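Asker: Can you keep this structure in mind? I'll have questions shortly.
Derivation of every value follows stated rules applied to the coordinates shown; laboratory data play no part. Just so we're clear, the structure is a prediction, and the values are computed from it rather than from any experiment. Reconstructed Cβ throughout: ideal geometry from the backbone, glycine too, with neighbour counts over all protein chains shown.
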Amino acid sequence: QKVEWAKLKNEPTVTKDGHHVELVANIGTPNDVEGVINNGGEGVGLYRTEFLYMGRDNFPSEEEQFESYKSVLESMGDKPVVVRTLDIGGDKELSYLHLPKEMNPFLGYRAIRLCLDQKDIFRTQLRALLRASVYGNLKIMFPMIATLDEFRAAKAVLLEEKEQLVKENVQVSDNIEIGMMVEIPASAVLADVFAKEVDFFSIGTNDLIQYTMAADRMNEQVSYLYQPYNPSILRLVKMVIDAANKEGKWAGMCGEMAGDALAIPLLVGLGLHEFSMSATSILPARSQMAKLSKAEMEILAEKALSMSTAEEVVNLVNSI
Ligand code: PEP
Ligand code: MG
């Protein structure tokens with residue numbers, strides 16, 4: 001199998017009937033890029049920037065961030081690199097950012113909520129990203145978007161920083177796509193509205209599942225409810241993909257589900273464009289996709305969408 005996978009390293013990802021999808025990787029630091037390239041990744045679909053801020057006792061400076069972003073962009077050449085702005089809070093804490101204890105940290109002050117409230121932190125990151133944009137193919141996305149106002153506000157801050165840099169005669173790329181993560185059910189349901197204003201969606205199933213099922217992703221006692229294959233999740237995913245297609249935008253997925261061999265045929269069948277996963281899953285996924293036709297996978301997805309329980313869907317995907 002390893003030999004077969006290695007042959008696919010520099011090949012595009014196509015289904016048996018020639019439909020192309022993009023297989024990209026999730027990374028946490030510039031050091032992870034080597035693995036992406038070695039595993040034939042077509043880009044980076046999620047750069048989790050939190051790691052830059054973690055394991056230290058103060059905020060990373062604009063310069064430090066710039067160096068990290070530039071390094072990733074340069075190493076990836078003209079391949080897309082989707083950078084997610086700071087997603088702190090919930091399960092991810094910073095020792096030097098003194099946040100009050102909350103009853104429900106996953107439902108609390110985190111990610112874009114924090115960035116829009118403490119704009120100095122956000123602006124520093126955006127400036128570093130914008131300055132790095134000329135070194136590659138940068139796309140920026142915002143985490144935990146629940147309302148259109150949040151997306152608009154985040155985009156406005158980004159454009160303000162861009163204008164400021166241009167005024168300072170700093171070079172900034174003119175074609176940075178600006179997208180959002182869909183990881184809150186409200187934004188999945190309203191995807192048709194968001195799709196008119198975003199350049200792309202990236203579905204964060206890790207959170208989307210926990211919020212849809214109201215089952216903490218870290219709590220083993222309720223892990224039986226954490227059901228990626230629940231038809232409710234599949235229907236939300238479909239809503240997001242259909243909304244993107246309707247507006248001529250693209251939809252990807254960067255949650256764990258995107259790299260799950262059982263989920264891949266369903267997701268291709270639903271029309272997902274981009275799959276972002278750990279680097280080591282890329283070649284197995286490419287090989288798997290080559291064995292099935294899009295037409296077959298569409299029929300499979302259609303069946304799954306009409307099912308009543310996660311168990312039925314799991315039995316269905318296990319049967320192919
Ligand atoms: C997600 O929620 O699916 C996701 C990719 O983000 P994280 O796992 O970092 O919350
Ligand atoms: Mg998330």
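Asker: Sort His20, His273 by Cβ crowding within 10 Å, fewest neighbours at the top.
Answerer: Values: His20 12, His273 19.
Listing His20, His273 from fewest to most nearby Cβ atoms yields His20, His273.
Asker: Would you please put 76-83, 234-241 in order of how densely packed they are, using the mean number of other Cβ atoms within 10 angstrom per residue and starting with the highest? Provide the component values of the computation, followed by the final result.
Answerer: On the way: 76-83: 19.8, 234-241: 21.9.
Most protected by this proxy first, the peptides run 234-241, 76-83.
Asker: Cα atoms only, the chain: Rg and Dmax in Å?
Answerer: When restricted to Cα atoms, the chain yields Rg and Dmax of 19.3, 60 Å.
Asker: Can you list, bin by bin at 5 Å, the percent of alpha carbon pairs in segment 1-159, starting at 0?
Answerer: 1, 8, 16, 19, 17, 14, 10, 7, 4, 2, 0
Asker: How would segment 185-298 be classified by its alpha-carbon gyration tensor: rounded, prolate or oblate, with rounded meaning a/c under 1.5 and the a/b versus b/c comparison settling the rest?
Answerer: Details: a/c = 1.74, a/b = 1.05, b/c = 1.66.
The shape class here is oblate.
Asker: How are the Cα pair distances of segment 69-127 distributed, in percent, across 5 Å bins from 0?
Answerer: Taking every Cα pair in segment 69-127, the percentages come to 4, 16, 23, 19, 14, 11, 8, 4, 1.
Asker: Nearest 5 is fine: what % of DSSP beta bridges in the chain come out antiparallel, could you say? Please report the intermediate quantities before stating the final value.
Answerer: Values: 3 of 31 bridges.
Bridges in the chain that DSSP calls antiparallel: roughly 10 percent.
Asker: Rounded, prolate or oblate: pick one for segment 104-180, where a ≥ b ≥ c are the square roots of the eigenvalues of its C-alpha gyration tensor, a/c under 1.5 means rounded, and failing that, prolate if a/b is larger than b/c, else oblate.
Answerer: Details: a/c = 2.28, a/b = 1.89, b/c = 1.20.
Judged from the Cα gyration tensor, segment 104-180 comes out prolate (a/c at least 1.5, a/b above b/c).
Asker: Please identify the chymotrypsin sites (Phe, Trp or Tyr not before Pro) of segment 54-130 that satisfy two criteria: DSSP loop assignment and at most 14 other Cβ atoms within 10 Å. Which are they? All intermediate terms of the calculation are to be shown ahead of the outcome.
Answerer: Numbers: sites: Phe66, Tyr69, Tyr96, Phe106, Tyr109, Phe122; in loops: Tyr96, Tyr109.
Here the chymotrypsin sites (Phe, Trp or Tyr not before Pro) that fit, given the DSSP loop and packing criteria, are Tyr96.
Asker: Now for a different question. Enumerate by residue number the trypsin sites (Lys or Arg not before Pro) in segment 41-109 meeting two conditions: DSSP loop (anything except H, G, I, E, B), and at most 15 other Cβ atoms within 10 Å of the site's Cβ.
Answerer: Sites meeting the loop and neighbour criteria: Arg56, Lys101.
Asker: Something else: Give the percent of DSSP beta bridges with both residues in segment 1-129 that are antiparallel, rounded to the nearest 5. Walk me through the numbers before you get to the answer.
Answerer: Details: 3 of 9 bridges.
Antiparallel: roughly 35 percent of the beta bridges in segment 1-129.
Asker: With a ≥ b ≥ c taken as the square roots of the eigenvalues of the C-alpha gyration tensor of segment 255-320, please select rounded if a/c is under 1.5 and otherwise prolate if a/b is larger than b/c or oblate if it is not? Don't jump to the answer; show the numbers that get you there.
Answerer: Values: a/c = 1.86, a/b = 1.51, b/c = 1.23.
Prolate is the answer for segment 255-320, as a/c is 1.5 or above and a/b outweighs b/c.
Asker: Read phi for every residue in segment 88-100 and hand back ³J(HN,Hα) as whole Hz from Karplus 6.51 cos²θ - 1.76 cosθ + 1.60, θ = phi - 60°, with x for Gly and Pro.
Answerer: 9, x, x, 8, 10, 10, 10, 4, 8, 9, 7, 9, x
Asker: Could you state the number of Å between the C-alpha centres of segment 167-208 and segment 261-284?
Answerer: Centre-to-centre distance over Cα atoms comes out at 20 Å.
Asker: Taking segment 119-202, which GluC sites (Glu not before Pro) meet the DSSP loop condition and have no more than 11 other C-beta atoms within 10 Å? Could the numbers behind the result be given before it?
Answerer: Details: sites: Glu150, Glu160, Glu161, Glu163, Glu168, Glu177, Glu183, Glu197; in loops: Glu168, Glu183, Glu197.
Taking segment 119-202 and a limit of 11 other Cβ atoms within 10 Å, the loop GluC sites (Glu not before Pro) found are Glu168.
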